[in-house]
Every structure is written in C-alpha cells, then in structure tokens.
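Written out below as structure tokens is the structure these notes cover.
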Amino acid sequence: MGAGLLLFSSSPASARHNFSMLEVADQVVGAGAEVGVSGFSYTATAYIRFGQVDGPVLATLEPSENDVISGTVRIPEDAAAGRYVLYAVQQDEAGKPNRFPGKAALTVVEPGGPPLESVTATEPEVRPAGFVLADPFSLGDFLMIALATVGVMSLLAMATYGFAWRRRSAPVGQHR
C-alpha cells in the first residue's frame, strides 16, 4: 500500500491528468472566417480538427513551454450553417489520439445572415397543447422513489407493530 502511494504521488506534473482545454475567440462565425483558438495543458503538437476527432485539420499548433497553445484557424468555406465542435487532438507516433482532446463549440451562420444576438428571443415559442419538451422525471427516478417509499412504510409498520406489541405484552395495570 505504501509503495503504491509513493509511486502514485511521485508522478511527473504533466501526468496529473489527461484532459486539455480549448477555447475559441468567437462562438458565432461565418463559413470561411478566421477565428482565434487557445488552450492549455498541451504537452505535444495539437492538431485543430473541424467537426470530428478525425475531421479535417485546420491548424497545427505547437505548445509553449507552459503547455499553452494559441493560433488562428479558418473555418471551411463549404461549412453549412449549424453548430460545430473544434477538437485539439494530440497524437502518438501511430497517429492515434493519446489524450482526451480539447473541445470548443462554435456556430457557423449563413453568409449575410443575422448573428444569434439579433434574433428576438423574447417572443415565446408556440407549441401544441400538451407538448412535453423534456420530462426530467425518468423511470429510474420513479423506481428510486418507490423503493424509498416502501422502505419508509416498512419502518413505520415495524415501529407501530413494536409499540403495539410492547403495550399488549405489559402486565395489566402497567404500561411502559
């Protein structure tokens, strides 16, 4: 136990975790636009990929001595409007990701289309009567509540039975 704890606690600082963070300067961009990216906890070359972990490479960024990356990427000209994720992937010698990639979401808007901030979000969305967007109460939640209720009811029944048993078993004229 002590040797295992010693080995675990003596690991190098770069091996503390296996996650890297990625940020984009603008979260709403047009196809073909340039966007700044930055991140930290990168120990090797980071390949900024578009849309998927194995998507097209938009940039290759080298980390600084502080394990920070920074640069600019160009969103593909043919990217359709929608929500996308940029991945900062570090690879081993075989070209396979060797750490959890950093991820940053962005939205590509139509050329000349309105940015998201100008869309009027104050108007209520019209939905059919009885429409449920999401039910936060799942079957698992129901089962947990049912089991807890059965447990509480069982405890109450045992307490009531025990109290009644004690009163019945007491000698006449004496109650505990």
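The order of the peptides 140-153, 19-32 by mean Cβ neighbours within 10 Å, most packed first, is 19-32, 140-153. Sequentially through region 154-166, phi angles give Karplus couplings (6.51, -1.76, 1.60; θ = phi - 60°) of 5, 4, 5, 5, 5, 5, 5, 4, x, 5, 5, 5, 5 Hz, Gly and Pro residues having no value and appearing as x.
Bear in mind these aren't lab numbers, they're just calculated from the coordinates by the rules spelled out. Model, not experiment: these values are computed from the prediction. Cβ coordinates were reconstructed from backbone atoms using ideal geometry, including for glycine residues, and neighbour counts include every protein chain displayed.
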